[in-house]
Amino acid sequence: MRVMAQIAMVMNLDKCIGCHTCSVTCKQTWTNRTGVEYAWFNNVETKPGVGYPRRYEDQERWKGGWMLDKRGRLVLRSGGRVKRLLSLFANPDLPAIEDYYEPVTYDYDNLVSAPAGKDVPVARPRSVLTGRPTAITWGANWEDGLGGAPEHAGGDPNLTGEWAQKVKFAFEQTFLFHLPRLCEHCLNPACVSACPSGAMYKRVEDGIVLVDQDRCRGWRMCVTACPYKKVYINHATGKAEKCTFCFPRIEAGQPTVCSETCVGRLRYLGLLLYDADRVGEAAATPDEKDLLDAQRGVFLDPHDPEVIAAARESGIPEDWLAAARRSPVYDLVMRYKVALPLHPEYRTMPMVWYVPPLSPVLDAVDAAGGNQDDPDHVFAAVTRLRIPLEYLAELFTAKDTDVVAGVLMKLTALRSYMRERILGETGDETVLKAVGLTAQEAEDLHRLLAVAKYQDRYVVPAAHKEDAAALTAMENRCPVESSGDPTDAGGRRVLLGIPTLRRRAPEAADGGRP
Amino acid sequence: MTAPVPPLATGSASGADLLLWVAFPYVCLAVFAVGHVWRYRQDQFGWTSHTSQLLEHRWLRWGSPLFHLGTFMVIGGHVVGLAVPASWSEAAGISEHAYHTVAVWAGSVAGVAMVTGLGMLCARRLLTRRIRLGTDRSDKLLFPLLSATVLLGITATAAHNVFGGGYDYRETVSVWFRGIFTLQPQPEAIAGAPLLFQLHALTACLLFAAWPFTRLVHVWSVPIGYLARPYLVYRRRTAPAADPKAAHRPRSVSGSR
């Protein structure tokens, strides 16, 4: 057993209102620079929809993630090492900028500099890549709130199989939910495995997957290998960039920017301990439907004395072990098992999990003429939800509808029970028993899902400076450290939050170090 | 290590010959060597192939493999033609005629592939506005210089060895080339060579001098090690020891536009 710690995330999709605050604050923090205008380390997709980049989930086309070869060995879908080196000159499976969208800015200046006239001046869109006026025809959230769904949403790669024929995008029958996505910081990252230069790595201490900007040589194999298409090429620097899980904040014990600014408070951050020796074996599980359990089998119980002893041996500090025991992520993923990974069939062992959306279930009970307090009626309604179980199963359980139904029934039972409690009734525990919860567990889960405060949602232990000599080196490399101000005589001034563009002359305008 | 006496040698070299065929190549090689050391130490962040496939992929799909594979063959041909003395290949039982037949045929195929590929890469750089705007100063130096070298080289071969009467550069240019590296420069060996060969040699020297300051440095980063390394890379946050030099790294030398 080789115990490692991973800072992981869970998102409760029931609470996501699709406001994009996470995306915008992430962009302001990380990708408001030349070369990554089109890149969203965090984006929010409307599901069903083709996603960003277009149809990224179609791995037959984009060759992301891992698969099992004929002999059952785990191989990258984009091919072996030799094939990868042979495609260095031209990568046939790399999305083009059109698959993302052409980034634009607006002629804001026209608003103030236009001569007086009859008409109100407008700011026309202008391509950032060519500097020319352009028509905006696509974007990272083009289909927001099912905009254009009748036209596009049928292209969602998750709408496969017979059941999908029944999915209608007519207003009365449609369904939608929002899916915020960021780098999954996988246990078995395909991008890291595909990087020819060895520039990408997974940090031992917290499992964050990063690109070493000094070692990246721009071979762009990571973009293809990532099935979530969450590695981007900076076309100004010629290097790969990706979500950093806001590691400078995480090291300081703070939540990521997307979590911090989430208005729906649907994100949870916490530690998961896992056995690094079992990752490869779990990722190679023959049946895709067993991958979820296989990944859960890699996680370790932070309360188990044996695990604690092994973790100490691996050098995991005591306060981290304590944080792992308080981890809301562990509770949602392992204790209550209500969180599910996004596309486990990609075999990368993703570490950003989701509580599937349930919202319209009680409406569905009423619509079916049932009694909301009758567990049988409620459970029956789960199978007739507007969001088809098959669709959620495509996303979260490698098409295993039973698992999704199980989670939704658990959430339904919890809702039904807590509804009674809050209305002053005793609450029917048979509902809970049917889904394997006790009254106390129900109270705790309800608290975690509905009322958890900042400290309960984000349990992030700070990095240990005493064993991290290089943290000082890291500080030296901080991109906002040197002010470039001649009057700043050697003093280290940190200019946080000021765009590079405005801070310095054109010299610093392009390609700052992320 | 002494090279055979060049047949075209006409006594001691003139001052201009010394400047062109001794001083200039050595200066270029010195810039090549020192430039690489400097760039590697100072500019890891700018050390990249600087892919533009994201912005344009249709021309690149054919142009880039054609250019790269053609280049590998051309480099191989140059190594054989320049570094191996004619006496060695004759000792190995390869007649001058056989050598030239193979060289002209293989060289033509490689040359055409390289020129076609480079032509496509230049065309997309010029014609695709997104890429033209993203072309930095080092590219504006590299693409013309590389094109000039390649065109002069293939023109020299075509004019003299494919359509012309045949010119045995192994007795002249190759001798000069080896002289540079054996530290026994023989400027007189190349002084009498046809103008196209001379110009090709000079632009090639310039190309070597420009090399460390352009995207050509990605040649030295060929990821052969990838074939042997484990798939998963773990790194400790504490692993990279504090490097005082890393504190104030200058910006990419090729990053400015």
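Throughout, read-outs are computed from the coordinates displayed, never taken from laboratory work. These figures come from a predicted structure and were not determined experimentally. With ideal geometry, Cβ positions are generated from the backbone for all residues, glycine too; neighbour counts draw on all protein chains shown.
Of note:
- Database remark: amide H of A:VAL355 closer than 5 angstrom to the amide H of A:MET11, A:ASN12, A:LEU13, A:LEU340 (H placed geometrically; neighbours at sequence offset of 5 or more, or on other chains; Pro and chain starts carry no H).
- Coordinate range along principal axes, alpha carbons of segment A:239-282, Å, largest first: 38, 31, 20
- For segment A:126-190, average projected area of the Cα convex hull in nm²: 7.5 nm²
- Over the C-alpha atoms of chain B, the Rg to Rh ratio, Rh being the Kirkwood estimate, stands at 1.02.
- Absence of a disulfide-compatible partner, taken as no other cysteine beta carbon within less than 4.7 angstrom, is noted in chain B for B:CYS122.
- Cα-Cα over 27 Å, subset of A:LYS202/A:LYS229; A:LYS63/A:LYS399; A:LYS47/A:LYS229; A:LYS229/A:LYS410: A:LYS229/A:LYS410
- Ranking A:HIS178, B:LEU66, B:ALA193 by how far each Cα lies toward the positive end of the dipole of the protein assembly as shown (charges on Cβ) leaves B:ALA193 at the top.
- If you run the Gaussian network model on chain B, springs between alpha carbon atoms under 10 Å, then out of B:ARG41, B:ARG137, B:ARG236 the most flexible one is B:ARG236.
- Three-way shape call for segment A:73-213 based on the alpha-carbon gyration tensor, with the a/c threshold at 1.5: oblate
- Here segment A:264-457 yields Rg over Rh of 1.00, to two decimals, using C-alpha coordinates and the Kirkwood radius.
- Ordering of A:122-135, A:176-189, A:299-312 by packing is A:176-189, A:299-312, A:122-135, highest average first (other Cβ atoms within 10 Å, averaged per residue).
- Per the Debye formula on identical point scatterers at the alpha carbon atoms of segment A:135-274, with no solvent, log10 I(q)/I(0) at q = 0.21 Å⁻¹ is -1.24.
- Helix axis angle, B:24-42 relative to chain B longest principal axis, alpha carbon, degrees: 20 degrees
- Tail weight of P(r) past 27 Å, computed on alpha-carbon pairs of segment A:1-135, percent: 48 percent
- Distance between segment B:69-143 and segment A:180-217 - C-alpha centres, whole angstrom: 36 Å
- Think of each Lys and Arg Cβ as +1 and each Asp and Glu Cβ as -1; about the Cα centre, that makes the dipole of segment A:77-143 roughly 400 debye.
- Remark: mean inter-chain Cβ contacts per residue of A:196-203 equal 5, using a 10 Å Cβ-Cβ cutoff to other protein chain atoms.
- Taking Cα centre as origin and charging only the Cβ of basic (Lys, Arg, +1) and acidic (Asp, Glu, -1) residues, the dipole magnitude of segment A:264-457 rounds to 660 debye.
- Note on B:40-53: average number of Cβ atoms from other chains within 10 Å of each residue's Cβ is 6.
- Distance from segment A:292-339 to segment A:104-159 (C-alpha centre basis), Å: 46 Å
- Per-selection metrics, segment B:181-229 (Cα): Rg and Dmax in Å: 16.6, 51
- Normalised by 2.2 N^0.38 Å, where N is the number of residues, the alpha-carbon radius of gyration of segment B:103-229 equals 1.24.
- In this Cβ point-charge picture (+1 for Lys and Arg, -1 for Asp and Glu), the protein assembly as shown has a dipole of about 1980 debye about its Cα centre.
- Per-selection Rg to Rh, segment B:26-138 - Cα, Kirkwood hydrodynamic radius: 1.10
- Chain A: Cα Rg divided by the 2.2 N^0.38 Å rule of thumb: 1.02
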